[in-house]
Amino acid sequence: MVDKSTKPASAPPQAATETVLQAVNLTKRYGAAVAVDNLNLTLTRGEVFGMLGPNGAGKTTTILMLLGLTEPTAGAVRVLGFDPARDPLAVKARVGYLPDSVGFYDELSARENLSYIARLNGLAYATAQQRIRTAIDRMGLSEVIDRPVGTFSRGMRQRLGVAELLLKEPEIIIMDEPTLGLDPEAAQGFLKLIRELKHEGITILLSSHLLHQVQAVCDRVGLFSHGRMVISGAVAELAQRILGGGYRIVIEASGDHRAIQTALLALPGVKKIEAAERDHFVIVADRDLRADAAAAVVGAGGSLIGLDVEAPSLDEIYATYFKEATNGAIA
Amino acid sequence: MAQSLELSSQPAPSDAPARGRKGSPWTGLWAVVGKEMADHLSSVRMQILEVLILLTAVGAVYAVMQNVRQTVSQDPFIFLRLFTTARDPFPAFVGFLSFLVPLIAIAISFDAINGEFSRRTMSRVLAQPIYRDALLLGKFLAGLFTLSLVLTAIWLLIMGMGILGLGLPPNGEEVARSLIFLVATIFYGGIWLALGMVFSTVFRQPATAALAGLSVWLFFTIFWGMVTSLLARTLSPVTYGLPEEILRQLQTEQAISRLSPNTLYVEATLGILNPAVRSFGILLPSQLEGAVMGAPLPLAQSALLMWPQLTGLIAATILLFALAYVLFQRQEIRA
């Protein structure tokens, strides 16, 4: 199943276009309540996709349906060519899942916990022991491999959770709120790890409501609200669509105020000038126009004092989208 | 929805096969059994109960020894006496078992399912390539095997002490009878094990599940007798004092009391361990015609006598497990 229909802007950097996960009109109802409403989602090999949204937006339910842990009310899912509702074992053998607030058997050691998972995966003893060793070493837990997990910190548990994922050498990893509750340093380490896994060709689907972290690692993101994925695409692309141009460039320049303003506005790619006080200009552009802006200021006879760019932030996109959505601007 | 990039014309995956799951539901079963048995056998709560039951066995055997040494030569079923004889202040070993076994079974199973939820391991384990069936059955089998292991060890211990104390080996029939007794005891435990699993599926708090299991046990141990006679008096009242009426009331009472696993177990053990028992409940003089009082029944006849009770115990175990299974399959696993 090769996906040719995705727009180029949303393709991952590697330009690999093999579809590994596809959900079509996926719906889950609990009685009258709709948890997931007509979700369409396609992941290509090697990309990192972030599911964003407030708690209760349907992210976890979506994940459970993708894994075959919950039956969809309607719609279809294909994961690596398998249907999770009919062939969950094939899916679960190839997909690693890290639940939010991952739990272990506290009285067992890290090695014993992983051994159990290896046996559930049907790995032979020798293979299992070797993979456990490798995974534990990689996660930096070799010092504590024989200590009961009850003594582990939250960050260590999280890393043990990833070690467990590595055991089955997955093609897809799904993480539910992976950085929640980690201290900033551990969270950074975790994001670095996600990038490493991506470079190994593993497709990663993660859900989060910590937007700036998602922005740092995701190729594409989807915003979830009330069971629907209301918008999706690469961050820059979303910025383009929602914010009408993503880059805010702040310029400090002295000289002929009016001339500088005209010169800046004349630059191709500039959408508008947000603020133009005495020596302070803020322009909104669809790309990073710092060099052009500097040239324009100098060309208008001004002298450049300061130049800064604010890349589009997901927080802003998110806030703007939901503000406009409630105002009826985007229906 | 208009903003979604993926709304472009994706073909719906249509080659989904007809209903039915692929792969064996028992994949990973033995991994679960192994892990759970290791947990049970090393857990402190099991060790406490094992010590308790061991002390009981030693106490009961010692008390019986004092009693039966003199009659060794006359009694053909001396080894069975080790299980059934009560001597002040010790009740018979079967009596001990009838309330210790439920306790062990409930202690093993009350946190089987909800414990996985409260440790937040459930979704992680079920994300492995196994079905829920394997998890539930694995936990149940692990409990049953643990129980069998403990009970078999104690059975061997009693037989061993018997051989040492009495100075003669058990005969074949004694071994056969006490083995059937062992099987009945294991399935009596199986009922409480399955009940514990039902409660551990229904209640999210392990403490609630344990209390619910213990209340059912207490209800059947203490209150069921009262409920039985009350119900029998209401359902089959004795109005004129006719023998038929009295008989019918007694029969009703017996039928109701057999709804309790305790009654089934006590009758089953009585039937198989005491060869002289030829009927449970009331015996009419007409049924005793030509019988030699106190003469032992052959093994096959005793087995026939307690067969309904034994199958009742097994059937109740299976039914309760099936209930737990249905409840667990329908449960949402998000936690």
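Looking at A:57, A:74, just one residue is more than 9 Å from every other protein chain (Cβ to nearest Cβ), touching a strand residue (DSSP E or B) at 6+ places or on another chain (Cβ under 6 Å) and modelled with pLDDT under 90, and that residue is A:57. Within the stretch B:23-39, the set of residues being more than 8 Å from chain A (Cβ to nearest Cβ) and polar (S, T, N, Q) comprises B:24 only. Evaluate the following for residue B:162: is it among the small types (Gly, Ala, Ser), free of Cβ contacts under 8 Å to residues at least 40 places away in the same chain and assigned to a helix (DSSP H, G or I)? Considered against the rule, which asks whether it is among the small types (Gly, Ala, Ser), free of Cβ contacts under 8 Å to residues at least 40 places away in the same chain and assigned to a helix (DSSP H, G or I), residue B:162 comes out as no. Does residue A:128 fit the bill of being without any contact (Cβ under 8 Å) to a residue 60 or more places away in the chain, surrounded by 15 or more Cβ atoms within 10 Å (Cβ to Cβ) and either under 20 Å from residue A:203 (Cα atoms) or within 13 Å of another protein chain (Cβ to nearest Cβ) (or both)? Considered against the rule, which asks whether it is without any contact (Cβ under 8 Å) to a residue 60 or more places away in the chain, surrounded by 15 or more Cβ atoms within 10 Å (Cβ to Cβ) and either under 20 Å from residue A:203 (Cα atoms) or within 13 Å of another protein chain (Cβ to nearest Cβ) (or both), residue A:128 comes out as yes. In the stretch B:124-172, of all residues being among the aromatic types (Phe, Trp, Tyr) and under 30 Å from residue A:69 (Cα atoms), the one that is surrounded by the most Cβ atoms within 10 Å (Cβ to Cβ) corresponds to B:140.
Residues that are surrounded by fewer than 22 Cβ atoms within 10 Å (Cβ to Cβ) and over 15 Å from residue B:200 (Cβ atoms) within the stretch B:95-123 comprise B:95, B:96, B:98, B:99, B:100, B:103, B:120, listed in sequence order. None of B:176, B:134 is within 14 Å of another protein chain (Cβ to nearest Cβ) and assigned to a helix (DSSP H, G or I) except B:134.
Residue-by-condition table, conditions (1) surrounded by fewer than 18 Cβ atoms within 10 Å (Cβ to Cβ); (2) within 20 Å of residue B:102 (Cα to Cα):
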residue: B:231; (1), (2): yes, no
residue: B:237; (1), (2): yes, no
residue: B:241; (1), (2): yes, no
residue: B:244; (1), (2): yes, no
residue: B:248; (1), (2): yes, no
residue: B:254; (1), (2): yes, no
residue: B:257; (1), (2): no, yes
residue: B:272; (1), (2): no, no
residue: B:278; (1), (2): no, no
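Could you tell me which residue of the stretch A:224-237 is farthest from residue A:23 (Cα to Cα), considering only residues that are within 9 Å of another protein chain (Cβ to nearest Cβ) and either of a type in the set (D, E, K, R) or within 14 Å of the chain's Cα centre (by Cα) (or both)? The extreme case among them is A:237. Could you list, in sequence order, the residues of the stretch A:106-121 that are in contact (Cβ under 8 Å) with a residue 24 or more places away in the chain and either touching a helix residue (DSSP H, G or I) at 6+ places or on another chain (Cβ under 6 Å) or more than 7 Å from every other protein chain (Cβ to nearest Cβ) (or both)? Hits for the stretch A:106-121 are A:106, A:107, A:108, A:109, A:110, A:111, A:113, A:114, A:117, A:118. Scan the stretch B:110-130 for residues that are within 7 Å of another protein chain (Cβ to nearest Cβ) and of a type in the set (Gly, Ala, Ser) and jot them down. Within the stretch B:110-130, B:123, B:127 meet the criteria.
Picking from B:232, B:255, B:194, which residue would you name as being at pLDDT 90 or above, assigned to a helix (DSSP H, G or I) and within 22 Å of residue B:96 (Cα to Cα)?
Of B:232, B:255, B:194, the one residue that is at pLDDT 90 or above, assigned to a helix (DSSP H, G or I) and within 22 Å of residue B:96 (Cα to Cα) is B:194.
Can you find a residue that is away from chain B (no Cβ under 14 Å) and in a helix (DSSP H, G or I) anywhere in the stretch A:265-277? Yes. Criterion applied to A:221, A:230 was being surrounded by fewer than 23 Cβ atoms within 10 Å (Cβ to Cβ), in a strand (DSSP E or B) and either modelled with pLDDT of 80 or more or at positive phi (or both), and the one residue passing it is A:230.
The values are calculated or read from the model by the stated rules, or taken from the named source; none is laboratory data. Given the structure is predicted, the values throughout are model-derived calculations rather than measurements. As a convention, Cβ positions derive from the backbone with ideal geometry for all residues, glycine included, and neighbour counts pool all protein chains shown.
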